[in-house]
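Each remark here refers to the structure printed beneath this line.
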Amino acid sequence: MVRLAPRLVVAGTSSGVGKTTVATGLMAALRARALRIGAAKVGPDFIDPGYHALATGRPSRNLDAWMCGPDAIPSLAGRAAAATDVLVVEGVMGLFDGSGDPAGPVASTAQVAGLLQAPIVLVVDASAVGASVAALVHGFATFDPAVRVAGVVLNRVGSDSHESLLREALAPSGVHVLGALRRHGDYAWRDRHLGLVPVVEHPDRIRRSIAALAAAVARDCDLDAVVALARSAPFVEVPDPPAARHVGRTVLAVAGGPAFSFAYPDNLELLAQAGAELAVFDPLTDNRLPEGASGLYAGGGFPEIFAPRLAANRPLLDDVRGKVGAGLVTWAECGGLLWLARSLDGQPMAGVLPAHGRMTDRLTLGYRRATIRATSPLGPAGTDVRGHEFHYSAVDPPGDDLDWSGRTGAGRAGFAGPTLLASYLHVHMGAAPQLAERLVATCTAGDRESSGG
């Protein structure tokens, strides 16, 4: 059992109101006060946690009640809060927005806040609102009596007089205005088609933005009240999160660098617990896979942005094609799927998969239940997994080794075999360490076969 640290959840009235700005700013400003800050993100997002990690100096965890199940959320939050003074959790979309799955967990920010018994700081985009802000906040604060909206941060406030008007309107509500941030271009991180730009692409510039943001939050928010609010959360002891059994020793090559920055920290840690030595390489610059690797994990990212440079690294692509073709255990998700295809937007890729990738103007988004129809590195035929898709690309042919279903339909896609699994699904192993165990066990079995053991 572990003690869940003082904590709060930063939620928004909708997407785009500045949750990441406020949450990251609070993390950085509190850290500047010599507090140890833990960070987490509701939902499946990969990019926001990168900003959190820069602000706190430690990994940010994903709390996804749909992929991991509601029962696992307190334990996963306990891992995020370990050895910290305050845990700051950034929400997803609007406070009450969730998976939309009538047969599964809501997976909303409100649900996660309830599971953690955490007070909520509501971020309101005040750029185009005056006294009506009171009705907006009143609605969110009273919509669900089980949800505790305990404070508000007003974002994109236009002037001192605008701030005074907003505060006067909110005074009768009893909801504490914890701060009011002005509009400022330095706090806006350039958008891309999947959201914010990953930290790995521009770390120095983003560090400067976070430093400026921390100073603004320290000036314009009541940090003492924020800490007091976090400490008002009840004392809770939660079980240790699920751990992977050590099943062998192997070297697992992990694609990293600017093109492949999407990997859940919990997944990597579970793979390490199971016995994998994680050897990170950069597909843009390294000309061969790490020495001694018996497995390859290529997660998500933005290979389409770097397609010409990936294509130009023929020595690595040839090495990957030869080794995967010879049975190197491989797990690829989304961006990794595109990298292993024959081409991406006409640029030659590794050619491991009999498919071509292309970017589209259509967003594919949502949670998926999937059954892997063939034996794969994650389990025998019939293994069920839960995952999430978020991409503007397609592969042709799409493959037919996973049966999937989601809120908007069902289908068949992906590629699987005894040593290969490649699909658009991002899988969080936080509540399913057996998947990490199976991947490492498959790698070690390959090690024994290649050594004649």
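The values are calculated or read from the model by the stated rules, or taken from the named source; none is laboratory data. Just so we're clear, the structure is a prediction, and the values are computed from it rather than from any experiment. Quick reminder, even Gly has a Cβ in these numbers, built from the backbone with ideal geometry, and neighbours come from all protein chains shown.
The table that follows gives values for the structure above.
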| item | result |
| --- | --- |
| Cross-chain or 6+ apart pairs with Cβ under 8 Å, region 130-159 first and assigned by TED's automatic domain parsing to the domain that holds Gln117 and assigned to a loop (DSSP other than H, G, I, E, B), then surrounded by fewer than 16 Cβ atoms within 10 Å (Cβ to Cβ) and not acidic (Asp, Glu) | Gly158/Ser127; Gly158/Arg183 |
| Only listed residue being among the hydrophobic types (A, V, I, L, M, F, W, C) and closer than 17 Å to Arg231 by Cα, chosen from Ala65, Ala28, Ala80 | Ala80 |
| Pairs, first more than 23 Å from Gly387 (Cβ to Cβ) in region 311-335, second surrounded by 18 or more Cβ atoms within 10 Å (Cβ to Cβ) and modelled with pLDDT under 95, C-beta under 8 Å, six or more apart | Gly327/Gly446 |
| In region 101-119, residue nearest to the chain's Cα centre (by Cα) [restricted to those that are more than 19 Å from Val175 (Cβ to Cβ) and part of a helix (DSSP H, G or I)] | Val112 |
| Filter result (touching a helix residue (DSSP H, G or I) at 6+ places or on another chain (Cβ under 7 Å) and not in a loop (DSSP other than H, G, I, E, B)) within region 297-322 | Ala298, Gly300, Leu310 |
| Candidates Gly292, Gly300, filtered to the one that is out of contact with any Pro (no Cβ under 7 Å at 6 or more places or on another chain), surrounded by fewer than 23 Cβ atoms within 10 Å (Cβ to Cβ) and small (Gly, Ala, Ser) | Gly292 |
| Condition broken by Asp282, with the remaining ones in (1) surrounded by fewer than 17 Cβ atoms within 10 Å (Cβ to Cβ); (2) more than 30 Å from Ala39 (Cβ to Cβ) satisfied | (2) |
| Filter result for the condition that a residue is among the hydroxyl-bearing types (Ser, Thr, Tyr) and at pLDDT below 95, over Ser376, Ser451 | Ser451 |
| Residues located in region 323-354, provided they are closer than 17 Å to Ala259 by Cα and either modelled with pLDDT under 95 or part of a helix (DSSP H, G or I) (or both) | Gly335, Gly336, Leu337, Leu338, Trp339, Leu340 |
| Unique residue being at negative phi and free of Cβ contacts under 8 Å to residues at least 40 places away in the same chain when the list is Gly98, Gly25 | Gly98 |
| Filter result (buried (at least 20 other Cβ atoms within 10 Å of the Cβ) and farther than 18 Å from Arg342 by Cβ) within region 392-409 | Leu402, Trp404, Gly406 |
| Strands (runs of 3 or more DSSP E) contained entirely in region 366-453, each with at least 2 residues that are under 24 Å from the mean Cα position of the chain (by Cα) and closer than 23 Å to Lys323 by Cα | 420-423 |
